[in-house]
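Below is one structure, written out as structure tokens, with a few remarks after it.
The values are calculated or read from the model by the stated rules, or taken from the named source; none is laboratory data. Computed from a predicted model, the values in this text were never measured in an experiment. Cβ placement follows ideal geometry from the backbone for every residue including glycine, while neighbour counts extend to all protein chains displayed.
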Amino acid sequence: MRLRSLLAMPGLRLEVVTGEDELDRTIRWVVTTDLLDPGRYLRGRELVLSGLVWRTGPADSETFVRALTEAGVSGLAAWDLTLGAIPDDLVAACRRHRLPLFKVPEDVAFATITEEVVRRLSGARAADLAAVLDRHRRLVEGTGLDAVLDLVGDCHVLTPTGRVVAGPSPPGPAALAGAFLTAPRLPHHVRELGMSVFPVEGGARVADWFIAAEGDAADWPPERRALTAELAAIVALERARMRTPADQELVAAAAAGDVSRLPGARYVAVAAAGRDPGELRAVLAEILTTARPVVGVLDDEAIALVPSGEDIAAGLQDALDFLAPGLSGDRITVGVSDVAAPPGVRAAIEEARYARRLAATRPFPVCVVRHDELATHMLLLAGVPDGVRRMFKARLLDPLRAYDETHGADLVRTLETFLRHSGSWTRCAGQLHLHVNSVRYRIQRIEELTGRDLSRLEDRVDFFLALRLSSCGGPGRE
């Protein structure tokens, strides 16, 4: 909508005071203000309405008009009810800064102007967007999101990691993403950025895209709410068009040893579990999007084959840590393989899945394990069924814990310290601030309660593994 259109609205009866040659400027929204410097609340292309309450003298007009001009405002409509006129200094300031100025009739309320202009804006946008939506649905390859956002204006499509999918980069994309992930309900107004965020598809937020639009959605008229719903439908269609269903077949084939359809690149395999595998598939695809991964699901794990010759584990950990607030308490465990050429992709997938099992033994909400951590005793434990591990820990440590609770002793801590110092009586006593004879007594009591001999390497290893399993908080998913 252009400023010139205001003159064709008979119910408003606006008159141009200055700026006749600037009436082709577009109006994006209407803002009423009586602040002397409202610049921080403006985003550009607004029609500003003001009753000039801010004016205490001629110099204030220059301050006010300069603030509007610097904010990119399209025009000003004003009337001073006290003076019964528009002050000459305001007219001069608008002329100096080439800001179109309209006179508002004394009997026309600002609310009437706002309602009429917003209705026209919303109606025009909805009609334009409906046409684009219809065209978008009919074209095989789509029109692209940027063309739609150009019509809507002041909207941005982002992912939960803060990546901008379409539209210009908004202020604070990471803050917008964080608000989207943690808001108690959507749409949500991010007050400090002056924008509202709402979902595209409405599923799990960590696997969805979202739209950020200027203003507080709670104050939007029905037309604008309908407009955003149409926009979300278009974005969902575009996202669906971008998905590659063939990826699932490629992952399944590679896991079976058929790599004939994979390009001749080098790959890193990633395995992830802990949520719905389909959601995790979308999460991995988003995190690794710049590498264009092949992502599918095997059993209860999401599997990604990433064309890369570099270590991607650190980037995965950082991205998942960022998404953690949106996980609703769910754990995510991830394993990352070494780099492999296509003939070795099947082995890389197995390596990633073993690393993922190792990650599941660690007590972190989000844990990524690299391939080079597999050469440890924990890898062997990760392959042992959950029930066997629980029984192993209970047989060795439960008698000691029961004794500690009953007698106020410290046998478990003494055992940990003794093994950490490789069975040295002196160093263990020093660490615990005990006499060596007290340590000897405690170790003897441990041996009596468990039937084990801590002078034997085999028994020391058993205790060490039981303590490690206990400190890891359990194996997690199998």
>> For segment 326-356, give me each residue that is modelled with pLDDT under 85 and assigned to a helix (DSSP H, G or I).
In response: Gly326
> Pairs, please: C-beta under 8 Å, at least 6 apart or cross-chain, first residue assigned by TED's automatic domain parsing to the domain that holds Asp338 and in segment 247-271, second charged (D, E, K, R) and assigned to a strand (DSSP E or B)?
Replying inline: Ala271/Glu301
>> Testing Ile443 on (1) at pLDDT 90 or above; (2) farther than 20 Å from Asp459 by Cα; (3) among the hydrophobic types (A, V, I, L, M, F, W, C), one condition comes back false. Which one is that?
In response: (2)
> Out of the residues in segment 396-427 that are of a type in the set (S, T, N, Q) and outside any loop (DSSP other than H, G, I, E, B), which is surrounded by the most Cβ atoms within 10 Å (Cβ to Cβ)?
Replying inline: Thr414
> If you take the residues of segment 380-395 that are in a helix (DSSP H, G or I) and over 20 Å from Asp459 (Cα atoms), which of them is modelled with the lowest pLDDT?
Replying inline: Ala382
>> I'm told Leu42 meets every condition in (1) under 28 Å from Met195 (Cβ atoms); (2) in contact (Cβ under 8 Å) with a residue 60 or more places away in the chain; (3) surrounded by 17 or more Cβ atoms within 10 Å (Cβ to Cβ) except one. Can you identify the failing condition by its number?
In response: (2)
